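Derivation of every value follows stated rules applied to the coordinates shown; laboratory data play no part. Here the structure is a predicted model, which means the values were calculated and not measured. Positions of Cβ are generated from backbone atoms using ideal geometry, with glycine treated the same way; all protein chains shown enter the neighbour counts.
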Amino acid sequence: MKLLRIIGIVLAAIILTALALPFFINANQFRPILEERLTEALGRAVKIGDLKLSVFSGGASASEVSIADDPAFSKEPFLRANALAVGVELWPLIFSRQLNVTSLTIDQPEIALIQSAGGAWNFSSLGGKAPAPSPAAVPSNSSDAAPTALSVKLVKISKGRITLNNSGKSKPRMLQNVNIELRDFSATSSFPFSLTTDVVGGGSVKLDGKAGPIPQTAVIQTPFDLKLTITSLDLAGSGFAQPSSGIAGIVSLDGNAASNGHIVNIKGKLKGDNLKLAQGGSPAKRAVEIDLALAHDLANQGGTLERCAVHIGGAEANLNGTYRLNEESPVISVKLVGSKMPLTELATILPALDVVLPAGSNIERGTLTVDVTSLGPVDRLLTTGSIAVDDARLNNFDLGSKMKTIQQLAGIKGDPRTTIQSLSASVATSPEGTIVRDIRVQVPAVGELTGSGTVSPRHELNFQMRATIKASSQILSAIGQRGDVTIPFSITGTSSDPSFRPDVKGAAKETLQQYTKDPSKAIDAAKGILDMFKKKQ
């Protein structure tokens, strides 16, 4: 019983001592030391408000905290918060008044991330040379001591808000509900790291893995190996896609990100829903899935697409090339190659590319082969290359009826469907419109069509074409035409409502040129063609 009584007295004394401790220890006497240690660790002036000791929570709390920004970027604080909780080891504090920090928790901070025109970030200098501390903050016996690296079991940022600003070139992007956790943190070793955040405008980001050690000269060169998850990021709503680019949609990424301090390698599966890829385009009706592998150079703010396999249903194409982000608009140099891709699958993505088919028509079958290169800023992109279509059929569009005179000459009946045996052309697309050259189309209902032309950003057509009709036609034979006849025609109107108009004089001229040895037959043949045009008109 006596032993129990002694134990009870000891416990009571400990409890009373703990309760009385805040009255005997002024927590503010440790504030200069804490500010000094944080300033040394971050290389930025750290200011902490009034400290209060809380024994039962195992530490102290401050009413406010601020971390200065790099003067080259801003005079405003890099971080400011209204609450800071500091976990400390109580026994060294009680008996020897030593401050051993075990945890730091910053609640609801406002953090400003700024990128310069050259691509540098204001956080990159964190951990660099610290400003000289005030004499009052330096203990008298530590004037010759080397700076001590901060080591903390737990560092937490909860419910933060981050603003990302790139020198005013675009609207700042915002992250909210930012939660960051670093365990067994030391700037000189690797430590577990996690981050979750919501993107203002739509989307969320999650990182989980390891980071460190942190270089003293450039935080951005910190090595890391993380699992990266981006969920339902709204490209336009969040501001991550420039409005001038016309790019919009919802993207998600599930993959990994690893950095050696200089190159960040990202691998994963990217999915895009409701994508819009051009000015004037409308959301795609089908998801685009991409197997992605890229290497990003931190110093040059650019990188290389090492692998980018694009899947649209059963259609697959490969994209590779380079990009740069340190411009007013991202600059790319990429090549897209796809062979024999089903047109029925690609039809779902055509609206996103602002490609318009004739009103009421739809693609029934066919394949597309593309080999194109895109160069320049994404909002002023120039895309050039070649396209080829094979065995395609367009429902609810009768090309023959649009070219009735030519159809009559060919002696072929009308068909509510247009079959394209083959099509090849070279294309050049820019914000000013599309130029199509070297067009060669084999259409059984008409013949061979060749020519070139343009499509304006408003889908206005201006094509000069030639149709070559086989001489086996009964009508051509009846008017004495023994060779193939070529008839010039133009295509105007719009992509949704094209207008085909034969060139009567050009047709007669083409026929006359085919009969240099027997002018009388040429005149008769040309007269027959002219008469037929007049009847149709």
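Some points to look at:
- Per-residue extension of 0.36 nm, minus the Cα-Cα distance of residue 297 and residue 426, leaves a gain of 43.0 nm for this segment.
- Treating r as the C-beta distance of residue 452 and residue 260 and R0 as 51 Å, the FRET efficiency rounds to 0.55.
- In this structure the amide hydrogen of residue 445, modeled in the peptide plane, comes within under 5 Å of the amide hydrogens of 419, none closer than 5 places in sequence on its chain.
- The calculated FRET efficiency for the pair residue 116 and residue 380, based on their C-beta separation and a Förster distance of 22 Å, comes to about 0.45.
- Peptides ranked, highest mean first, by Cβ atoms within 10 Å: ranges 28-37, 428-437: 28-37, 428-437
- Computed extension length for residue 328-residue 159: 57.7 nm, one decimal, from 0.36 nm per residue of separation with the Cα-Cα distance subtracted.
- Dimensionless Rg over Rh [segment 212-261; C-alpha; Kirkwood]: 1.16
- In Hz, Karplus ³J(HN,Hα) per residue of segment 381-393 (6.51, -1.76, 1.60; θ = phi - 60°; x = Gly, Pro): 6, 10, 10, 10, x, 10, 10, 8, 10, 10, 6, 9, 9
- Exposure proxy shown here: for 183, 458, the number of other Cβ atoms within 10 Å sets the order, fewest to most, as 458, 183.
- Once you reduce segment 349-366 and segment 245-300 to the center of their Cα atoms, the two points are 25 Å from each other.
- For residue 371 and residue 206, a Förster radius of 45 Å and the Cβ-Cβ distance give a FRET efficiency of 0.75, rounded to the nearest 0.05.
- Rg/Rh, computed from the Cα trace of segment 177-322 with Rh as the Kirkwood radius, has the value 1.01.
- Annotation note: trypsin sites (Lys or Arg not before Pro) in segment 270-305 located in DSSP loop regions with a Cβ neighbour count of at most 14 within 10 Å are 285.
- Footprinting exposure proxy for 174, 403, 465 (fewest neighbouring C-beta atoms within 10 Å first): 174, 465, 403
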